[in-house]
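Read-outs: derived from the displayed coordinates by stated rules, not from any lab. Here the structure is a predicted model, which means the values were calculated and not measured. Here the Cβ positions follow ideal geometry from the backbone for every residue, glycine too, while neighbour counts run over all protein chains shown.
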Amino acid sequence: MEVLIKESYEEMSKQAAEMIADIVRRKPRAVLGLATGSTPVGTYKELIRLHKEEGLDFSKVTTFNLDEYVGLQHDHPQSYHYFMAENLFNHININPKNTHVPDGTAKDIPAFCQTYEEWIVKAGGLDVQLLGIGGNGHIAFNEPGSSLGSRTRVKTLDEKTRQDNARFFKNMDEVPKYAITMGIGTIMEARQLILLANKESKAAAIAQTCEGPVTAMVPATIVQLHPKATIIVDKAAGSKLSREYPAEPHILVVS
Ligand code: GLP
């Protein structure tokens, strides 16, 4: 696991975007696992810039999003469908048919969740999964206590998560109670993980994620078991880490 502590949110976002762009340049048919929330917005801005100014080509890329609220229509401003269109898809040359966000309006949600898993497998698996982190250590909507081997399914949101997200809705009653989320087992099958966090409010969760024991009570700690995970944080989110994290050498062959 590599931990990169960046000076600022902008630096964190640039690093993440560059890592994703590198995958797309090397593999034009890359399958990207994407995330929502305020954290990855800067990464998406940078990917849009790379597309517009440097011709980064998304025409053959496929994407799968981590999660979606149950019951929100796709054009609801707080739905993750809407978020992805606004923050990324509408600004790059991706084929909308190749973008997938869980369908919170599906009539048969368990069947949809199974299908979503099958779509990921059919696409060839996720080359990279981008992750944010909740203040309680959740990833996607896998709340504390989620099975570390879980698959895509419907989850009840923690009260803390609902309160954290309440700022986006008119009042607490409007905040959805359930969400469809990729499971922790699903996420762990991605070939690479990039977990982002900024702000002091994430510092405790990041310290546990990097330095605490692996536990279902802090779902993000599972990334310690992934063979290729990078955690990128700004100074504030990294402020409770207890050890130094020197940059890992990227020179693989020394002649
Ligand atoms: C939601 C999302 C998560 C995200 C988290 C943190 O719960 N389901 O994927 O990581 O919010 O959001 P933010 O980045 O706004 O702090």
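Considering only the range 217-229, state which residues are surrounded by fewer than 18 Cβ atoms within 10 Å (Cβ to Cβ) and among the aliphatic types (A, V, I, L, M).
M217, L225
Being surrounded by 21 or more Cβ atoms within 10 Å (Cβ to Cβ), among the charged types (D, E, K, R) and either within 15 Å of the ligand (Cβ to nearest atom) or outside any loop (DSSP other than H, G, I, E, B) (or both) is the filter here; which residues of the range 113-152 pass it?
E143
Are there any pairs with C-beta distances below 9 angstrom linking a residue in the range 126-144 that is of a type in the set (S, T, Y) to a residue that is more than 6 Å from the ligand (Cβ to nearest atom) and part of a loop (DSSP other than H, G, I, E, B), with the two at least 6 apart or on different chains, and if so which?
Matching pairs, first to second residue: none at all.
Which residue, of I206, I187, I232, is buried (at least 24 other Cβ atoms within 10 Å of the Cβ), among the hydrophobic types (A, V, I, L, M, F, W, C), in contact with a strand residue (DSSP E or B) (Cβ under 7 Å, 6 or more places away or on another chain) and in a strand (DSSP E or B)?
I232
Can you name the residue in the range 57-77 that is assigned to a loop (DSSP other than H, G, I, E, B) and in contact with a strand residue (DSSP E or B) (Cβ under 7 Å, 6 or more places away or on another chain) and is also surrounded by the fewest Cβ atoms within 10 Å (Cβ to Cβ) among such residues?
Applying the filter and picking the extreme gives V70.
If you check Y44 against the conditions, is it within 29 Å of C113 (Cβ to Cβ), over 15 Å from the mean Cα position of the chain (by Cα) and of a type in the set (S, T, Y)?
No: the conditions fail for Y44.
So is L4 under 29 Å from A236 (Cβ atoms) and crowded, with 23+ Cβ neighbours inside 10 Å or not?
Taking the combined requirement at face value, the residue does not satisfy it.
For the range 228-235, does any single residue satisfy the condition of being more than 15 Å from the ligand (Cβ to nearest atom), free of Cβ contacts under 8 Å to residues at least 40 places away in the same chain and over 14 Å from the mean Cα position of the chain (by Cα)?
So far as the range 228-235 goes, yes, one or more of its residues are more than 15 Å from the ligand (Cβ to nearest atom), free of Cβ contacts under 8 Å to residues at least 40 places away in the same chain and over 14 Å from the mean Cα position of the chain (by Cα).
Please go through the range 102-112 and give me each residue that is away from the ligand (no atom under 12 Å from the Cβ) and of a type outside the set (G, A, S), ordered by number.
Selection gives D103, T105, K107, D108, I109, P110, F112.
Hey, any hits in the range 167-177 for a residue that's surrounded by 15 or more Cβ atoms within 10 Å (Cβ to Cβ), more than 10 Å from the ligand (Cβ to nearest atom) and part of a helix (DSSP H, G or I)?
no
Would you mention how many residues in the range 57-75 are within 15 Å of A106 (Cβ to Cβ) and in contact with a helix residue (DSSP H, G or I) (Cβ under 9 Å, 6 or more places away or on another chain)?
Counting residues in the range 57-75 that are within 15 Å of A106 (Cβ to Cβ) and in contact with a helix residue (DSSP H, G or I) (Cβ under 9 Å, 6 or more places away or on another chain) gives 8.
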